[in-house]
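Trainee: Right, I'll just put the structure down here and ask away after.
The values are calculated or read from the model by the stated rules, or taken from the named source; none is laboratory data. Everything numeric in this text was worked out from a predicted model, so none of it was measured. Every residue, glycine among them, receives a Cβ derived from its backbone with ideal geometry; neighbour counts consider all protein chains shown. Ligands, DNA and RNA are excluded from the accessible area calculation, which covers all protein heavy atoms including side chains. Shrake-Rupley method; radii C 1.70, N 1.55, O 1.52, S 1.80 Å.
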Amino acid sequence: MDKRIWILAIASFVVGTVELVIAGIIDMIAQDLHVSVGAAGQLISVYSMVFAFGSPVLIALTSKVERRKLLIYAMLVFLAGNIVSMISPNFTILLLSRIVLAASCSIVVILSIVLASNIAAPELRGRAIGVIFMGIIAALVLGVPLGTWIGVMWGWRSTFALVAVLSFIVTWGIVRFLPEVASRPMIPLREQLRTLNNPKIVSAHFISILQMTGQFTVYAYITPFLHETMNLSTGTISLVLFVYGLAGVAGGWVGGWSADKLGSKRTIIITLLLHALAIFLLHYATSSMLLLLIVVFVWCTFNMAPSPAIQSYLIQAAPESSDIQLSFNTSSLHIGVALGSMVGGMIVNHYAVTTITWVGAFLVILAVLSAFISITRKNPERSVGSTERHIS
């Protein structure tokens, strides 16, 4: 794999850490800035909302900017956002800095996928995208615990200081090693948005929405699930979640490799079916710790594996608007996370917590159906003008 793609993966790791690390230092922030923990939790909600709904707009507004240059600008804004977070005198300034961080982070993640797919040879495109997803998941497995530990040792502001330093190093790496990506005349925003009238494209985005809804119907409530079914301690659950995170990193690679070897369409169907099966078996795996860890590893591996294939599929299905399709798909993932947390909450409030595995598996099966709809639909013929405008 080209070393430049690993630089992009590290960039995704750094920005992904800032999105998630707040959960580990939220108590310290609330106490230091004299707000409730509930109010401090809005730092997470606002970030997700800006990321989900702002990224398509930002990618469209910056469509004429050369991609490498835009990535450098986004990293510099991200660096500035971390500095503002570090010196925030009150909660309002910190909240505003989170908006800046979310906006710049969304551009970095999407451009990392775009640049990786451009740098890699066509037969390695899936694996290149998978490496970027490995960086994002590694932020959960390594970045968040590291950032939380630093916050406990030296205060929550030091966490943002560390990320600022890492951002500077990554920005230098991008300037030093990444090539420019030849600019191409972009299709007008209205024409790009019109692709959402295409059932093939819309159903492709619904794959991600439905899969993540099914996933987070279970994952958001995995702690009470394991407490009730196996009476596990908090420390043991942390071990389970660590295995889950490692599997996620592996899943990014598996999905990318499979997309290159089997094709993105087959990979989407196969990995989604395995994901649904793993969720369904989760309840039955609670009879032993070893069996649970095996199923959890399979569960998260095939939770992450479809994403590189879906991204690769969208690039193939809508090459002229691939940038904005990738941003729409990233938004779809965040929407699925929010919906899954809501669905799971309603279930555990009214039914046995074990019900989440049945509902989660069913929702992922609906994602499989959405994939079949997308794959079996033909793309409308592109106009000659559109074909001429596209520069691969």
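Trainee: So which of 223, 213 is within 17 Å of residue 354 (Cβ to Cβ) and either buried (at least 19 other Cβ atoms within 10 Å of the Cβ) or touching a helix residue (DSSP H, G or I) at 6+ places or on another chain (Cβ under 7 Å) (or both)?
Mentor: 223
Trainee: Among (1) assigned to a helix (DSSP H, G or I); (2) modelled with pLDDT under 90, where does residue 232 come up short?
Mentor: All conditions pass for residue 232, except number (1).
Trainee: Would a scan of segment 25-37 turn up a residue that is under 24 Å from residue 134 (Cβ atoms) and open to solvent by 30 Å² or more (accessible area, probe 1.4 Å)?
Mentor: Taking every residue of segment 25-37 in turn, none turns out to be under 24 Å from residue 134 (Cβ atoms) and open to solvent by 30 Å² or more (accessible area, probe 1.4 Å).
Trainee: Restricting attention to segment 300-310, does a residue exist that is surrounded by 20 or more Cβ atoms within 10 Å (Cβ to Cβ) and either hydroxyl-bearing (Ser, Thr, Tyr) or over 21 Å from the mean Cα position of the chain (by Cα) (or both)?
Mentor: For segment 300-310, residues surrounded by 20 or more Cβ atoms within 10 Å (Cβ to Cβ) and either hydroxyl-bearing (Ser, Thr, Tyr) or over 21 Å from the mean Cα position of the chain (by Cα) (or both): present.
Trainee: While we're on this one: I need the full set of residues from segment 62-89 which are open to solvent by 70 Å² or more (accessible area, probe 1.4 Å), under 21 Å from residue 118 (Cβ atoms) and in contact (Cβ under 8 Å) with a residue 24 or more places away in the chain, in order please.
Mentor: Within segment 62-89, 64, 69 meet the criteria.
Trainee: Further, regarding this structure: Select from segment 318-348 the residues that are more than 15 Å from residue 106 (Cα to Cα) and of a type in the set (A, V, I, L, M, F, W, C) and list them in ascending order.
Mentor: 318, 337, 338, 339, 342, 343, 346, 347, 348 - these are the residues of segment 318-348 that are more than 15 Å from residue 106 (Cα to Cα) and of a type in the set (A, V, I, L, M, F, W, C).
Trainee: Determine whether residue 66 is touching a helix residue (DSSP H, G or I) at 6+ places or on another chain (Cβ under 8 Å) and of a type in the set (Asp, Glu).
Mentor: no
Per-residue answers, yes or no, for (1) under 20 Å from residue 321 (Cα atoms); (2) touching a helix residue (DSSP H, G or I) at 6+ places or on another chain (Cβ under 7 Å); (3) open to solvent by 50 Å² or more (accessible area, probe 1.4 Å); (4) modelled with pLDDT under 90:
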{"site": "16", "(1), (2), (3), (4)": "no, yes, no, yes"}
{"site": "43", "(1), (2), (3), (4)": "no, yes, no, yes"}
{"site": "52", "(1), (2), (3), (4)": "yes, yes, no, yes"}
{"site": "91", "(1), (2), (3), (4)": "no, yes, no, no"}
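Per-residue answers, yes or no, for (1) touching an Asp or Glu at 6+ places or on another chain (Cβ under 9 Å); (2) over 27 Å from residue 282 (Cβ atoms):
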site	(1), (2)
295	no, no
298	no, no
307	no, no
316	no, yes
321	yes, yes
324	no, yes
332	no, no
338	no, no
349	no, no
